[in-house]
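Taking it in order: structure first as structure tokens, then the write-up.
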């Protein structure tokens, strides 16, 4: 392990821990909606994007696709067109339980202390009230990769049902890593979205198009220390909206 890299990662984690006062930090949820299903752009450079060196693997539980709907669309950097089944996680409706989950495990080979998460965005788009969002966000750490901690449940029902695209953006009130005042997304190994499907009316099931997860901008020293790995990450964070 490169000594400069290890020192850089440690310093970054310490700085984030020092700048977040847990008793005061809160998660800020920003809801947006638009009449167009294609208005909100997906990132192709975030840390869970398919093919990114920061993504180690993906696991899915409880999802049954409808008409070509698939979970691979959620991190491919594309939102697709209007009513595009191939670019959305459109689940087959079932009586009593429309819940499913997806877990993104990060590659911490070059980040042994784990990742700090600053921004999370989720995009849904469809007609007939399927652009709603309702999910629980969980994470695990490098210290306990098999233990998932809930950061809360997030919900978006458009103020105007004619709006067919929605986006939730999660940030922290301190401007640092996302924190709910008790837990902070620092040292992260995995991110899990537990999608809470609606059972009645069934037409309110949600069609998610993209999940994006962003980490803080590194210092110039860190970029130089870790070479091409963080250079790629720097490019990815250039798309981060905050």
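The values are calculated or read from the model by the stated rules, or taken from the named source; none is laboratory data. None of these values were measured; they are calculated from a predicted model. Neighbour counts run over all protein chains shown; Cβ positions are idealised from the backbone, glycine included.
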So, residue 98, is that one more than 20 Å from residue 62 (Cβ to Cβ) and not in a strand (DSSP E or B) or not?
no
Could you tell me whether residue 158 is closer than 19 Å to residue 60 by Cβ and in a loop (DSSP other than H, G, I, E, B)?
no
Any residue that is free of Cβ contacts under 8 Å to residues at least 60 places away in the same chain and either under 19 Å from residue 195 (Cβ atoms) or surrounded by fewer than 21 Cβ atoms within 10 Å (Cβ to Cβ) (or both) - is there at least one of those in the range 129-138?
yes
Residues of the range 27-43 being touching a residue at least 60 places away in the same chain (Cβ under 8 Å) and part of a loop (DSSP other than H, G, I, E, B), in sequence order, are 35, 36, 37, 38, 39, 40, 42, 43
Just to check your reading of the model, which residue among 204, 164 is modelled with pLDDT under 90, crowded, with 19+ Cβ neighbours inside 10 Å, over 15 Å from the mean Cα position of the chain (by Cα) and over 23 Å from residue 53 (Cα atoms)?
164
Selection from the range 80-111 of residues crowded, with 21+ Cβ neighbours inside 10 Å and modelled with pLDDT of 85 or more yields 102, 104, 106, 111
Residue pairs qualifying under the 7 Å Cβ cut-off, at least six apart or on distinct chains, with the first in the range 64-87 being more than 25 Å from residue 45 (Cβ to Cβ) and the second being outside any loop (DSSP other than H, G, I, E, B) and at pLDDT below 85, are 64/91; 65/91; 66/91; 67/85; 68/85; 68/86
Please work out if residue 59 is in contact with a strand residue (DSSP E or B) (Cβ under 9 Å, 6 or more places away or on another chain), within 21 Å of residue 214 (Cα to Cα), in contact (Cβ under 8 Å) with a residue 40 or more places away in the chain and part of a loop (DSSP other than H, G, I, E, B).
no
In the range 132-149, what residues are in a strand (DSSP E or B) and at pLDDT below 95?
133, 134, 135
